[in-house]
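Asks: Please read through the structure below; I'll follow up with questions.
Computed from the coordinates by the stated procedures, all read-outs in this text should not be read as laboratory data. Please read these numbers as outputs of a predicted model, since none were measured by experiment. Heads up, the Cβs are rebuilt from the backbone with ideal geometry, glycines too, and the neighbour counts pull from every protein chain shown.
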Amino acid sequence: NLCTLGFLVLRPPQGQQQRQGPDRLIIEGLRLNESQIEQFRELKEEHHSQMQQRDRLQKDSQQRLWQLLRLSAPDTAQATALIDTFLVLEKEKKKLTFDHFRKLRAMCDPEQKVLFDSLIGQIGRALMPPPRGPQK
């Protein structure tokens, strides 16, 4: 019971814990030096900004799609166009994330590249949203 209480009191807040996780894994797992940490933070800010922009556009597209359902005869061509827009933005996000990690790997020295190659699966899992609903 004491261990559980200590864990609950000493752990970082939930949102902070999730934000720190991948960063800590990358910084410590790749053994980045101070200069590389700064480069990583710049890459991260650039990536975050690009992702937020696409998230906003996706949200707008999704909201417009739901608005169509208020009509007695929704325009299915417009619905398809909104869905296509949403999917194009999702594809862009995947490519931006791929490019982000390609740039991260490029800034690594040869030893760090070996570490990167062994950690990339773990990093990817750390970035995935938690699964929804019961797992089968």
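Asks: Determine, at each q value in 0.14, 0.24 (inverse angstroms), the log₁₀ of I(q)/I(0) that the Debye formula gives when each Cα of region 69-136 is one equal point scatterer.
Replies: For region 69-136 at q = 0.14, 0.24 Å⁻¹, log10 I(q)/I(0) is -0.69, -1.05.
Asks: For residue 69 paired with residue 114, estimate the spin-label separation in nm (one decimal), with each label point 7 Å from Cα along the Cα-to-Cβ line.
Replies: Placing both labels 7 Å along Cα→Cβ, they lie 5.3 nm apart.
Asks: Please work out the FRET efficiency for the pair residue 37 and residue 125, using the Cβ-Cβ distance as r and a Förster radius of 30 Å; give the result to the nearest 0.05.
Replies: Here the calculated transfer efficiency is 0.85.
Asks: Expressed as a whole number of Å, what is the distance separating the alpha-carbon centroids of region 110-136 and region 31-57?
Replies: That distance is 17 Å.
Asks: Just need the relative contact order of region 44-136 here, percent rounded to a whole number, with Cα pairs under 8 Å and 6+ apart.
Replies: Relative contact order here is 30 percent.
Asks: Hey, got the dipole for region 31-130? About the Cα centre, +1 on K and R Cβ, -1 on D and E Cβ, debye to the nearest 20?
Replies: In debye, rounded to 20, region 31-130 gives about 260.
Asks: Still on this model: How large is ³J(HN,Hα) for each residue in region 54-66, as worked out from phi by the Karplus curve 6.51 cos²θ - 1.76 cosθ + 1.60 (θ = phi - 60°), to whole Hz, x for Gly and Pro?
Replies: Per residue, the Karplus-derived 3J(HN,Hα) values read 5, 4, 4, 5, 5, 4, 4, 4, 5, 5, 5, 4, 5 Hz.
Asks: Among the lysines, which fall within straight-line cross-link reach of residue 103, defined as a Cα-Cα distance under 18 Å, with same-chain neighbours fewer than 8 residues apart omitted?
Replies: Of all the lysines, those that pass the test against residue 103 - Cα under 18 Å, at least 8 places apart if same chain - are 44, 93, 94, 95, 113.
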